Amino acid sequence: MLNRKIEEALNDQFNFEMYSANIYMSMAAYFDSINLTGLAGWMKIQYQEEMFHTMKFYDFINDRGGRVVMTALDAPPTDWATPLAAFENALAHERIVTGRINNMVTLAMEEKDHATVNFLQWFVAEQVEEESSVDAVIQKLKLMADAPGGLFMLDRELGQRVFTPPSAGE
Ligand SMILES: [Fe+2]
Ligand SMILES: [Fe+2]
């Protein structure tokens, strides 16, 4: 059974993961609008990952006897000055998510909710991955700043990304 504080925090993050998904879909739409279809594809995979995160919270809340409650979500940003600006926005957003996950772990520890602490460990590890994959693209975009052909190459490279849902140890 979940205590009320934990249930609220889990629900809040369930909704925030869906908001994260919307941000990435909005970034996909931006990249498609400027014909960078590979970068758009990368963002669509990121959208799927965020929906996967969303459903992990959904299932966990239910498994623990809680009630999932959807809320209104803020509209995501829709325009960025450059591809780099979009990815920098993504990194800033992932850092916010990391902070939220860490705060939830602290709360779950204070409330002695070991099942939630355990559940959140998956997200602690996932956030390391999330920040690092976005940062890797930022570094490439910075490297190619003076080489216009580079963006074309990167667009092709990132367009190869496929969604692979983690199976074991969810
Ligand atoms: Fe997420
Ligand atoms: Fe994320």
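Read-outs: derived from the displayed coordinates by stated rules, not from any lab. In this text the structure is predicted, and so the values were computed from the model without any measurement. Neighbour counts run over all protein chains shown; Cβ positions are idealised from the backbone, glycine included.
For the chain, modelled as a Gaussian network with Cα springs under 10 Å, which listed residue fluctuates most, Asn35, Asn102, Asn22?
Largest GNM mean-square fluctuation: Asn35.
Just to compare against my own numbers: the Cα pair-distance distribution for the chain, 10 Å bins, whole % per bin, please.
Cα pair-distance distribution for the chain, in percent: 10, 37, 31, 16, 6, 1.
Taking each pair of different alpha-carbon atoms in the range 52-133 once, compute 1/r for the pair, average those values, and report the inverse of that mean as the Kirkwood hydrodynamic radius in Å to one decimal.
Working: mean 1/r = 0.0685 Å⁻¹.
The answer is 14.6 Å.
Want the number for Ala81 to Arg64: 0.36 nm per residue separation, take away the alpha-carbon distance, what's left? It would help to have the intermediate numbers written out before the result.
Numbers: separation 17, 0.36 × 17 = 6.12 nm, distance 4.37 nm.
The Ala81-Arg64 span can extend by a further 1.8 nm.
Quote the Stokes-Einstein diffusion coefficient, in whole µm² s⁻¹, for the range 24-73, based on the Kirkwood radius over alpha carbon pairs, a temperature of 20 °C and a viscosity of 1.002 mPa s.
Numbers: Rh = 12.3 Å.
Diffusion coefficient, whole number: 174 µm²/s.
So what's the range 1-87 giving for Cα Rg divided by 2.2 N^0.38 Å, two decimals?
Details: Rg = 15.4 Å, N = 87, 2.2 N^0.38 = 12.0 Å.
It is 1.28.
Calculate for the chain the 222 nm mean residue ellipticity that helices alone would give, adding -39,500 (n - 2.57) per DSSP H run of length 4 or more and normalising by residue count, nearest 500 deg cm²/dmol. Walk me through the intermediate numbers first.
Working: 5 runs with 126 residues, N = 170.
Computed ellipticity for the chain at 222 nm equals -26500 deg cm²/dmol.
If the only charges are +1 at each Lys and Arg Cβ and -1 at each Asp and Glu Cβ, what is the size of the charge dipole of the range 1-82 around the Cα centre, to the nearest 20 debye? Intermediate values should be presented prior to the final figure.
Values: 6 positive and 11 negative charges, 42 e Å.
The calculated dipole for the range 1-82 is roughly 200 debye.
Given Cα positions, please report Rg to Rh for the range 112-170, the hydrodynamic radius being the Kirkwood one.
Working: Rg = 16.9 Å, Rh = 14.2 Å.
Here the Rg-to-Rh quotient is 1.19.
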